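Input: a single structure, listed below in structure tokens.
Please treat every number below as a calculation from the coordinates, not as lab data. Source: prediction; values computed, not measured. Positions of Cβ are generated from backbone atoms using ideal geometry, with glycine treated the same way; all protein chains shown enter the neighbour counts.
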Amino acid sequence: MTTSENSTITANSVFLPVGYVDIEATLDGGQAFRWWPANDGYRGVVGRRVVTVSEADGGLLVTPVDAKALDGLSHSMLQYLGHDQDLEGFRTRFADDPCLGPALRGYSGLRVLRQDPWECLFSFITSSTSNIPRIKLNVGSVAEKLGYSVGPEARDVMFPEPEVIAEAGEQFLRDLGFGFRAKYLVPAAEAIASGRLNLCDLRETSYKDARAELIALHGVGEKVADCVLAFSLDKPESFIVDRHILRALHKWYDLPEKANLSYAADWARDFFGDHAALANQYMFHRERLARRASEWGGTHVERALPEDEG
């Protein structure tokens, strides 16, 4: 049996013929924080479904572990994987780019996800002055404490709605280890729960207006806003700048040395256009693996591009 998206349904799985997807880099590389290794793939919650995702020839194998029917799973997974993004146009346009060309050839399976906006916002407010393992711990703990169970394991939960976070309060989040971030997370939850901000509506507004709405939230700066815009709100022109990306822009694109993060983000949006979010992730992935190879050595050297091993 074949779905309208040309996905093939078997007895207990769905095969998505989406080409090569590097699921480790895509699902566990700093875009999303509630996927964990399982059965030669990754396990997580998409919508109300608990699934495992594994690489297969020509695409991905998606297997639900929640005993529910396969109906609709192909569509929701394709949406989550951002399958309507202009990947071919991006690859063609930047095939000879000094930074992105080698990254596209070496890391061709990286995708930009289309996540639930509220969980994405919560996660990236949590990310302030943190790191991926800590963010995963924090986001996972609040989900397990307050989320709605949709599967057999403790981590198989729907992320708690803004109303639930608002009711739990700042001290609850502090007790879970969120620290100063709790004072930003609760007001954000209250803004959404009250209807003052409708995150899904931002998918239909301009990048500039959506960014302004997010930055109006206490504790949400340009970087956090651009993460949410890129990873959940259909803004492909979003470009996230941290010190590592700023260094890459200096190295590969001769950005002025005195350029600050805001200038760099504006420059990158103008240069990369509607491929900015994709360019950002390929650049970030290349720089991260090169940095690990340089600082940690060992098996990390094998994952860096040959041009970056020195």
(message) Can you bin every Cα-Cα distance in region 190-310 into 5 Å intervals starting at zero and give me the percent of pairs per bin, rounded to whole numbers?
(response) 2, 11, 18, 19, 15, 13, 10, 6, 4, 1, 0
(request) Work out the charge dipole of the chain with +1 on the Cβ of Lys and Arg and -1 on the Cβ of Asp and Glu about the Cα centre, then indicate which of I215, F90, S74 is farthest towards its positive end. (result) I215
(request) Give me the net charge of V301's neighbourhood, meaning all other residues with Cβ under 13 Å from the Cβ of V301; Lys, Arg count +1, Asp, Glu -1. (result) -2
(message) Ignoring everything except DSSP H segments at least 4 long, calculate the 222 nm mean residue ellipticity for the chain; use -39,500 (n - 2.57) per segment, divide by total residues, nearest 500.
(response) -13500 deg cm²/dmol
(message) To the nearest 20 Debye, how big is the dipole of the chain about its Cα centre, given +1 on the beta carbon of each Lys and Arg and -1 on that of each Asp and Glu?
(response) 640 debye
(request) Would you pull out the residues with amide H under 5 Å of A38's amide H, same chain only if 5 or more places away, H placed 1.01 Å from N? (result) R43
(message) Taking amide H atoms as placed 1.01 Å from N in the peptide plane, list the residues 5 or more away in sequence, or in a different chain, whose amide H sits under 5 Å from that of V157.
(response) V150
(request) Work through the residues other than H218 whose Cβ is under 15 Å from its Cβ and net out their charges, Lys, Arg +1 and Asp, Glu -1. (result) -1
(request) Would you calculate the separation in nanometres between label points at A56 and C200, each defined as 7 Å from the Cα along the Cα-to-beta-carbon direction? (result) 3.0 nm
(request) Putting +1 on Lys and Arg Cβ atoms and -1 on Asp and Glu Cβ atoms, find which of C200, L61, S294 reaches farthest to the positive end of the dipole of the chain. (result) S294
(message) What distance in nm lies between label points placed 7 Å from Cα along the C-beta direction at Q79 and N131?
(response) 3.6 nm
(request) Please compute P(r) over all alpha-carbon pairs of the chain, binned at 10 Å starting from zero, and give each bin as a whole-number percent. (result) 6, 26, 34, 26, 8, 0
(message) Could you work out the percent of alpha carbon pairs in region 116-269 separated by over 23 Å, rounded to a whole number?
(response) 41 percent
(message) Please arrange R111, R174, R243 by how many other C-beta atoms lie within 10 Å of their C-beta, fewest to most.
(response) R243, R174, R111
(message) I need two numbers for region 173-220: Rg to one decimal and Dmax as a whole number, Cα atoms only, in Å.
(response) 12.3, 38
(request) Return, ordered by residue number, the residues of region 119-137 whose backbone nitrogen is under 16 Å from a label point located 7 Å along Cα→Cβ of V164. (result) 119-123
(request) Taking 7 Å along the Cα-to-C-beta vector as the label spot, tell me the H244-W36 distance in nanometres, rounded to one decimal. (result) 2.3 nm
(message) Could you compute Rg(Cα) / (2.2 N^0.38 Å) for region 243-308, with N its residue count?
(response) 1.20
